[in-house]
Amino acid sequence: MKISNQALVYAADYHYSSFKLECESKLNDKKQGVKMVNELMKYIKIDFLRAYPLFTKPLLVDLWWIDSEGNLQMIIKTTELYIYLCNKDRYPNELFNFKIKPNPPAHLPLQHVVILKWVRNSIADNDIREELNMTYKSIHSISTMNGTLNNRTRHVKIELLDKTEYELILNNKKISLMGQMFDVAEFLPAPKILICGRCNKPGRTKRICQNSTFDICRRCGGDRSNAEAHNDCQIKCHHCGGQHISTDYKCSLMEEFRRELINELKKHPEKLPQHIQLFIPTEYRNKEDKTKYIQNTSSYQQKEQNLNLHNQIIWPTLTYTSQDMNNPMNINLRESVRLLNNELQEMKKKYENDLQKLKDKYKEHLDTLNQTWLIMHQQHQTSQQMLTVINNNMKQVIFVTCLKATRTIYEALNKIKTNNNDYNEAIHQLENQIEYLQEAEFFFTTHINSLQQLVDKQNEILNKALDSLFKDPNV
Ligand SMILES: [Zn+2]
Ligand SMILES: [Zn+2]
Ligand SMILES: [Zn+2]
């Protein structure tokens with residue numbers, strides 16, 4: 001069995017489901033397709049660049065073709081564009097006079113899908129969503145991975161819109177759900193098999209099929225021109241006679257083809273896109289070579305060349321003439337995006353400068369304030385010292401000397417007064433004076449002591465306040 005280039009490219013194109021534009025009146029000319037795709041890109045451009053202002057690559061669809069029903073099919077590999085066009089509201093109602101109904105893929109590219117392994121069935125998809133939403137904001141969908149459900153556990157597919165979050169979740173390697181840890185892995189698909197829509201054989205498309213002149217029913221193997229007659233026909237594979245539909249992966253023809261395809265891909269990994277790893281199911285691994293993955297490790301340019309070569313063979317490529325890329329509207333738009341971006345950067349710089357100035361000014365102000373506090377504190381301490389000196393002088397000099405002098409005069413007068421009553425009046429006055437001085441000293445001391453206690457407490461609080469002020473100048 002010979003494996004065509006078409007089948008090899010298709011094996012890895014698994015990752016990009018097509019965007020279908022259902023057209024009310026059917027397309028039948030390649031030129032209509034070119035115009036529609038160009039028109040669509042022109043229509044979304046302004047809004048797209050608003051959503052992704054830093055997107056600088058040309059806005060292109062990677063592949064497109066008109067399918068057998070006369071609808072437009074597009075393959076988009078640019079993640080930003082893919083995610084942008086997943087939203088149906090972003091399409092116009094008609095393109096180039098054709099009424100259209102957009103049909104974007106329900107799932108994100110596989111580079112945006114991670115697998116949570118062996119999740120207990122008692123944990124529902126909604127529980128997972130609720131818990132993950134607390135950490136990851138860009139979850140697009142959560143679903144059970146096909147063929148992994150058993151009666152206890154399943155693998156869960158998680159699609160993330162944001163590439164950064166996707167990488168974050170993979171780097172963490174494990175995720176905790178309901179207090180239990182689960183392994184996280186990237187989603188690696190097996191090579192996909194291209195099947196002819198006419199003869200149901202693997203490896204070619206209907207467009208170049210020469211095996212049959214009519215569409216063959218996958219169930220009974222008869223002529224399917226009258227589709228309604230085949231809703232309930234008997235299932236018997238027309239390749240091998242087995243009890244399955246003819247496109248079933250169980251069919252020996254499909255199995256044989258898949259084995260050949262994997263061998264061919266192993267021999268020519270350079271035919272795979274650079275960023276894609278394909279998973280080799282266990283039953284297709286060699287006994288000697290237990291490799292689990294096929295991956296392209298050749299240089300980037302080589303890959304590009306190969307891909308372009310194949311693309312041209314299979315699908316008409318979208319030709320953007322240099323005229324189109326340079327048309328005034330595109331230039332204006334690119335120019336204004338660039339200008340807006342510059343303006344934004346300048347505003348950011350100015351804002352940062354202003355912020356720094358404000359900070360400096362605040363710091364200066366705070367320093368002055370602190371200096372003032374220090375001076376006031378010192379002044380306060382000086383006046384307290386002055387008061388202490390005055391206080392001591394009062395107690396030790398004024399009161400003591402006054403009392404002593406008064407007592408001396410009193411005693412002297414008593415000695416010289418013998419039989420002389422002339423001094424009685426003076427002696428009595430001196431007695432009163434002594435009593436008054438003693439009382440005055442007592443009240444002065446009591447009062448000054450309680451004032452001193454108050455000042456001590458105030459000092460303690462002031463020192464604490466000053467300490468905290470200098471420790472943390474931003475408070
Ligand atoms: Zn065929
Ligand atoms: Zn049938
Ligand atoms: Zn079969």
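The values are calculated or read from the model by the stated rules, or taken from the named source; none is laboratory data. Just so we're clear, the structure is a prediction, and the values are computed from it rather than from any experiment. Cβ coordinates were reconstructed from backbone atoms using ideal geometry, including for glycine residues, and neighbour counts include every protein chain displayed. What goes into the accessible areas is simple: the full protein's heavy atoms, side chains included, and nothing from ligands, DNA or RNA. Shrake-Rupley method; radii C 1.70, N 1.55, O 1.52, S 1.80 Å.
Give the accessible area for residue 218 in Å² (nearest 10); use a 1.4 Å probe, count only protein heavy atoms, and leave out ligands, DNA and RNA.
120
Using the Cα atoms as the points, what is the convex hull volume per residue of the stretch 111-155 in Å³?
75
Considering the convex hull of the alpha carbon atoms of the stretch 355-471, report its projected area averaged over all viewing directions, in nm², one decimal.
Seen from a random direction, the Cα hull of the stretch 355-471 projects 9.5 nm² on average.
Using θ = phi - 60° and the Karplus form 6.51 cos²θ - 1.76 cosθ + 1.60, what ³J(HN,Hα) does each residue of the stretch 242-251 get, whole Hz, x for Gly and Pro?
Result, rounded to whole Hz: x, 8, 8, 6, 5, 9, 5, 5, 6, 4.
Would you mind checking 20/271; 77/137; 117/266 for any pair whose Cα atoms are more than 29 angstrom apart?
Beyond 29 Å between Cα atoms: no listed pair.
Amide H to amide H under 5 Å from residue 95: which residues, 5+ apart in sequence or cross-chain, H placed 1.01 Å off N in plane?
100
Averaging sequence separations of C-alpha pairs under 8 Å and six or more residues apart, then dividing by the length of the chain, give the relative contact order as a whole percent.
This gives 12 percent for the chain.
Could you report the accessible area of residue 16 in Å², rounded to 10, computed with a 1.4 Å probe on the protein chains as they sit in the structure?
Surface open to solvent at residue 16 totals about 10 Å².
If amide hydrogens are placed 1.01 Å from N in the peptide plane, which non-local residues have theirs closer than 5 Å to the one on residue 70?
Excluding prolines and chain starts, which carry no amide H, there are no hits.
What does the convex hull of the Cα atoms come to per residue for the chain, in Å³?
313
HN-Hα J couplings of the stretch 53-59 from phi, Karplus 6.51/-1.76/1.60, θ = phi - 60°, integer Hz, Gly and Pro as x?
x, 9, 6, 10, 6, x, 7
Name the GluC sites (Glu not before Pro) in the stretch 1-87 that are in a loop by DSSP and that have at most 16 other C-beta atoms within 10 Å, would you?
Taking the stretch 1-87 and a limit of 16 other Cβ atoms within 10 Å, the loop GluC sites (Glu not before Pro) found are 24, 69.
Any chance you could list P(r) for the stretch 14-106, counting all Cα-Cα pairs in 5 angstrom bins from zero, rounded to whole %?
Spelled out bin by bin, the stretch 14-106 gives 3, 13, 27, 27, 19, 9, 2, 0 percent.
Relative contact order, percent, of the stretch 84-144 when contacts are C-alpha pairs under 8 Å separated by at least 6 residues?
24
Let me have the relative contact order for the stretch 14-106, percent, based on Cα pairs under 8 Å that are six or more residues apart.
Averaging sequence separation for qualifying contacts and normalising by length gives 46 percent for the stretch 14-106.
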